[in-house]
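Worksheet for the structure shown next.
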Amino acid sequence: MKLDAATVKGLIDEYGALQHPVEVVHLIEYLRVDPPKLIIEVGVWRGGNAAILKTYFPQARFIGVDEMHPSDSRVSDPPSLADNIERFDLEYVIGDTKSESTVARVKAMIGDEKAGYCFIDASHDTDSVKRDFEMWSPLSHRVGFHDVHNPMVLQAWMDICGFMEPGPRTAALWKEMDGHGIGVVLT
């Protein structure tokens, strides 16, 4: 599949993702350097982001985690979460993303394997984003954050990256003027 902003914009519209096409292009280019074999998404919504990642990484195993059931009315009109789960053969775990038991369920599914990429897009306050990182980052080599335009998510991302301390983590950030922003850190 061609990787450019226009193509990605079409996928965003088709699959119901809440992403900026240019930010997604940069993320896909970044991930292509070392393509993930396993992707975990924490906070799935309609599964649009998962569908886009599976489009560009079709061989990757994808596990989505969210508290919403696929038939929940908030995600059931087209493009629906259930449709994206079926169409892209996504593994889906229903559970509280901040629960140790939910993390343990996903850990049991992957064993000792670590994800090549984990995308955090559940809660959007500073403490919750930090907690999500603490809980989910041990399962992945790279962790991405959505909505870094949100001051609370940005603060969490900056704290996690260590920008206020010596020896920051390796990080990347893509933010268009009209976008939500995607940040990635290596774990």
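Restricting the count to DSSP beta bridges whose residues both fall in the chain, what percent are antiparallel, rounded to a multiple of 5? Walk me through the intermediate numbers first.
On the way: 9 of 26 bridges.
Beta bridges within the chain, antiparallel portion: roughly 35 percent.
In the chain, helices alone account for a calculated mean residue ellipticity at 222 nm of -11500 deg cm²/dmol, with every DSSP H run of four or more residues adding -39,500 (n - 2.57). A cut-off of 5 Å between modelled amide H atoms, ignoring neighbours fewer than 5 places along the same chain, links Cys118 with Ile40, Arg142, Val143, Gly144.
Amide hydrogen proximity for Val93: with H placed 1.01 Å from N in the peptide plane, the residues at 5 or more positions away or on another chain lying under 5 Å are Gly64, Val65, Asp66. Taken over the chain, lysine pairs spaced eight or more positions apart, or on distinct chains, with alpha carbons under 22 Å apart number 16.
Can you sort Lys114, Lys130 by how many other beta carbons sit within 10 Å, fewest first?
Values: Lys114 18, Lys130 15.
Lowest to highest Cβ neighbour count: Lys130, Lys114.
Counted by neighbouring Cβ atoms within 10 Å, the residues Glu176, Glu23, Glu29 run from fewest to most as Glu29, Glu176, Glu23.
FYI, it's all coordinate maths here, none of it is from the lab. Quick caveat, the model's predicted, so the values are computed rather than measured. No Cβ is skipped: glycine too gets one built from the backbone with ideal geometry, and neighbour counts run over all protein chains shown.
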